[in-house]
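The values are calculated or read from the model by the stated rules, or taken from the named source; none is laboratory data. Computed from a prediction, not measured in an experiment: that's the story for all the values here. Here the Cβ positions follow ideal geometry from the backbone for every residue, glycine too, while neighbour counts run over all protein chains shown. Ligands, DNA and RNA are excluded from the accessible area calculation, which covers all protein heavy atoms including side chains. Shrake-Rupley method; radii C 1.70, N 1.55, O 1.52, S 1.80 Å.
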Amino acid sequence: MDEELQEVYDQVLRRNPGEPEFHQAVREVLESLDVVVRRHPEYHDQAILSRLVEPERQIMFRVPWVDDGGRVQVNRGYRVQFSSALGPYKGGLRFHPSVNLGIIKFLGFEQIFKNSLTGMSIGGGKGGSDFDPHGRSDGEIMRFCQSFMTELYRHVGEYTDVPAGDIGVGGREIGYLFGQYKRLSNRYESGVLTGKGVTWGGSLARTEATGYGTVIFADRMLATKGQAMEGQRVVVSGSGNVAIYAVAKAQELGAQVLTVSDSSGYVLDEAGIDLALLRQVKEVERGRVADYVERRPGARLVRGGRVWDVPCTVALPCATQNELDRRDAEALVRGGVVAVAEGANMPSTPDAVETFAEAGTLFGPGKAANAGGVATSALEMQQNASRDPWSFSQVASRLEVIMEHIHDQCAQVAEDYGRPGDYVLGANIAGFTKVADAMLAQGVV
Ligand code: NDP
């Protein structure tokens, strides 16, 4: 990193103590930008980076609610509105006990560049709570969501900030959040949230979009080596929204998917994951991967192991941040992995990414490979604005074009900067440049 970038990073460390994930996300982007600021001294002159690493606004609030036993519970809510250079803040809400300000800031920071890569007019933001939805009744989830929105509603809006789902926030939660927003604002403002049900303003193919997009990205990376998803042995981590539809798309393209996982362990199913059973267990029954194994002859549950020890040619981490470290990356490389595409946000640690680079493994970073979800959210916003719902195939074909464009843009920029095949560099530079140029045009704000 050049001296001025290092100063920006040191300032981030000083101002944001105890937020290692945020530091990690900033460092990874700054390390890619050395070559850019050398070509564009105006970015330093206008303090673009010092401004970009400081969220425009950070909101933290109390979320009190009453559980089924009549006890009062208190959680903490967050919304970090990071950058509105390209459009209204846009990014998901995460409900998970590990959520803290640093996690939300890392996700919001990544979101700026991801949203820029989609080519749509959306800024970057993220939010959530340390609320744990596991084991909670529908009534408890509803009361929590209503309390969360009772504070959040004053900060969001179709032209201000448009939240969506993430870990622990799916269609059910978006429904409760939207209902409460509608009640408080007395407006049917469809464009305030995305990931809605299709009968009340949602988009077909939004549920599938992140997982589908990740696999389309992997397929496009493989094509640069004369390969395709067809016939690949694929390892997937996670068993939530992103994982399920990554499995679906990989199978549709003729790959064999061997695993899924959750925090209790991973499933090894050599015959190939049974998608219908997986969806039944996770989406309908809200069960665990252990329930899948009970009903699937030949499948095994491995507790305490690492899914990355299963030999494969394509790996799709789709669970959570820092779930794949150097040791895992080395195991994947030994097992013959050709391509890794991140469905989750920042699932690979920096030394895992380095290991893939040294081994010449194709590596699609989350901000590019999983951008299909937010891109389709932007398509949902378009449908809301025009009041014109699109067919599944209309949305899915737009998604395909967008993912191919993101891939090609990252590949092209990496090539322009003398690092062909470096998708991390390509994604960071392509995402950053658009935001930086908008910030230059909009003055010091
Ligand atoms: P879900 O809540 O639907 O699923 C999350 C899955 O990951 C579950 O199987 C969960 O298991 C597992 N998981 C979560 N945390 C951990 C952990 N600490 N250790 C082990 N397993 C864990 O979330 P999504 O599928 O929506 O999100 C997955 C990832 O994809 C996240 O990184 C998210 O930020 C990213 N992403 C999501 C998008 C979307 O459109 N939904 C868009 C772009 C990125 P368990 O139930 O046991 O916790």
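Going through the range 77-101 one residue at a time, which ones are farther than 17 Å from Ser116 by Cβ and within 11 Å of the ligand (Cβ to nearest atom)?
If the condition is that a residue be farther than 17 Å from Ser116 by Cβ and within 11 Å of the ligand (Cβ to nearest atom), then Leu93, Arg94, Phe95, His96, Pro97, Ser98, Val99 are the ones that fit.
Would you be able to say whether some residue in the range 160-172 is away from the ligand (no atom under 11 Å from the Cβ), touching a helix residue (DSSP H, G or I) at 6+ places or on another chain (Cβ under 7 Å), of a type outside the set (Phe, Trp, Tyr) and not in a strand (DSSP E or B)? Please lay out each step first, then the result.
Filtering the range 160-172 for residues away from the ligand (no atom under 11 Å from the Cβ) gives 160-163, 172.
With touching a helix residue (DSSP H, G or I) at 6+ places or on another chain (Cβ under 7 Å) added as a condition, the list becomes 161-162, 172.
Restricting the remaining residues to those that are of a type outside the set (Phe, Trp, Tyr) gives 161-162, 172.
Subsequent filtering for residues that are not in a strand (DSSP E or B) retains 172.
Checked against the condition, which is being away from the ligand (no atom under 11 Å from the Cβ), touching a helix residue (DSSP H, G or I) at 6+ places or on another chain (Cβ under 7 Å), of a type outside the set (Phe, Trp, Tyr) and not in a strand (DSSP E or B), the range 160-172 yields at least one hit.
Does Arg306 satisfy the criteria of being among the basic types (Lys, Arg), outside the structural domain of Arg136 (by TED's automatic domain parsing) and within 15 Å of the ligand (Cβ to nearest atom)?
Values: among the basic types (Lys, Arg): yes; outside the structural domain of Arg136 (by TED's automatic domain parsing): yes; within 15 Å of the ligand (Cβ to nearest atom): yes.
Yes: the conditions hold for Arg306.
Just a yes or no: is a residue in the range 46-69 in a loop (DSSP other than H, G, I, E, B), hydrophobic (A, V, I, L, M, F, W, C), in the same structural domain as Ile174 (by TED's automatic domain parsing) and open to solvent by less than 60 Å² (accessible area, probe 1.4 Å)?
Looking only at the range 46-69, we keep the residues that are in a loop (DSSP other than H, G, I, E, B), and these are 46-47, 53-56, 67-69.
Applying the additional criterion that residues be hydrophobic (A, V, I, L, M, F, W, C) yields 47, 53.
Narrowing the set further to residues that are in the same structural domain as Ile174 (by TED's automatic domain parsing) leaves none.
Within the range 46-69 (the criterion being in a loop (DSSP other than H, G, I, E, B), hydrophobic (A, V, I, L, M, F, W, C), in the same structural domain as Ile174 (by TED's automatic domain parsing) and open to solvent by less than 60 Å² (accessible area, probe 1.4 Å)), the answer is no, since none of the residues qualifies.
Going through the range 318-344 one residue at a time, which ones are closer than 23 Å to Val401 by Cβ and either of a type outside the set (Gly, Ala, Ser) or open to solvent by 20 Å² or more (accessible area, probe 1.4 Å) (or both)? Step through it out loud before you land on a result.
Here is the first cut: in the range 318-344, the residues closer than 23 Å to Val401 by Cβ are 318, 339, 341-343.
Selection gives Cys318, Glu342.
Conditions: (1) in contact with an Asp or Glu (Cβ under 7 Å, 6 or more places away or on another chain); (2) within 11 Å of the ligand (Cβ to nearest atom); (3) open to solvent by 40 Å² or more (accessible area, probe 1.4 Å). Arg296 meets all but one. Number of the miss?
Evaluating Arg296 over (1) in contact with an Asp or Glu (Cβ under 7 Å, 6 or more places away or on another chain); (2) within 11 Å of the ligand (Cβ to nearest atom); (3) open to solvent by 40 Å² or more (accessible area, probe 1.4 Å) leaves (2) as the failure.
Which count do you get for residues in the range 152-184 that are in contact with a strand residue (DSSP E or B) (Cβ under 8 Å, 6 or more places away or on another chain) and open to solvent by less than 50 Å² (accessible area, probe 1.4 Å)?
Within the range 152-184, the first condition is being in contact with a strand residue (DSSP E or B) (Cβ under 8 Å, 6 or more places away or on another chain), and the residues that meet it are 152, 155-156, 160-169, 173-174, 177.
Within this subset, residues satisfying the condition of being open to solvent by less than 50 Å² (accessible area, probe 1.4 Å) are 152, 155-156, 161-169, 173-174, 177.
Counting residues in the range 152-184 that are in contact with a strand residue (DSSP E or B) (Cβ under 8 Å, 6 or more places away or on another chain) and open to solvent by less than 50 Å² (accessible area, probe 1.4 Å) gives 15.
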